[in-house]
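Asker: Here it is, the structure, as structure tokens.
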Amino acid sequence: MDTLAIHHLGLAVSDLAASAKFFTDCLGWSVAREVPAYPAIFVTNGSAIVTLWQTETIATLFDRKKNVGLHHFAIKVSSEQALDQIFAKAAAHTGVKVEFAPELLRGGPAKHCMLFEPSGIRIEFIWAP
């Protein structure tokens, strides 16, 4: 197969600074690049890149049942303990809304949780042994 993996994921966000802080301050990712004229901030964990693009103030939140587009994206974590730690830190982060805490995925053994980062992007964290 000639396609290898997702290189980056571009997300339109309503609060560029708050979304960038979620990835950097909460998840420990780093800023790879900034494009103030666009404006955009590229964040990375060294493996994946997420591009955060600032929307206009009139932008509306995505409704997964009424719009075509990104339903959510999932970030794989290294262990069950890491899932619990990331969830605790993310749930306490300013602007984050929790959809559900870590739970078994379809009876397990995998576990996952779901939340909305400060701009309303739905993110799943998953541990799949």
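The values are calculated or read from the model by the stated rules, or taken from the named source; none is laboratory data. Remember, predicted model here, so these are calculated numbers, not experimental data. Heads up, the Cβs are rebuilt from the backbone with ideal geometry, glycines too, and the neighbour counts pull from every protein chain shown. Surface accessibility is based on the protein's heavy atoms, side chains included, excluding ligands, DNA and RNA. Shrake-Rupley method; radii C 1.70, N 1.55, O 1.52, S 1.80 Å.
Asker: Starting from the range 27-114, pick out the trypsin sites (Lys or Arg not before Pro) whose DSSP state is loop and whose Cβ has at most 16 other Cβ atoms within 10 Å.
Answerer: Those that pass, being in a loop and sparsely packed, are ARG64, LYS65, LYS66, ARG106.
Asker: A further question follows. Please work out how much accessible surface THR55 shows to a 1.4 Å probe, ignoring ligands, DNA and RNA, in Å² rounded to 10.
Answerer: Approximately 40 Å² of THR55 is accessible to the 1.4 Å probe.
Asker: Sticking with this one: Quick check for you: with a 1.4 Å probe and neighbouring chains kept, what is the accessible area per residue of the chain, in Å²?
Answerer: Roughly 63 Å² per residue, with all protein chains present.
Asker: Which three extents, in whole angstrom, do the alpha-carbon atoms of the chain cover along their principal axes, largest first?
Answerer: Sorted from largest, the Cα extents of the chain read 45, 34, 30 Å.
Asker: Hey, if we sort LEU11, LEU4 by accessible area with the 1.4 Å probe, largest down, what's the order?
Answerer: Largest accessible area first, the list is LEU4, LEU11.
Asker: Right, here's the next one. GluC sites (Glu not before Pro), restricted to the range 26-108: which are DSSP loop and have at most 16 other Cβ atoms within 10 Å?
Answerer: When the GluC sites (Glu not before Pro) of the range 26-108 are filtered for loop state and at most 16 Cβ neighbours within 10 Å, GLU56 remain.
Asker: Using helices alone, what [θ] at 222 nm do you get for the chain, with -39,500 (n - 2.57) per DSSP H run of 4 or more residues, divided over all residues and rounded to the nearest 500?
Answerer: Computed mean residue ellipticity for the chain: -4000 deg cm²/dmol.
Asker: Could I ask something else about it? For the chain, with all protein chains present and a 1.4 Å probe, just round the carbon and sulfur fraction of the accessible area to a whole percent.
Answerer: C and S fraction of accessible area: 56 percent.
Asker: Compute the long axis of helix 80-92 from its Cα atoms, compare it with the longest principal axis of the Cα atoms of the chain, and write down the angle in degrees, 0 to 90, nearest 10.
Answerer: 40 degrees
Asker: Please compute the Kirkwood hydrodynamic radius of the range 1-71 from all pairs of different C-alpha atoms, in Å with one decimal.
Answerer: Final number for the Kirkwood radius of the range 1-71 is 13.3 Å.
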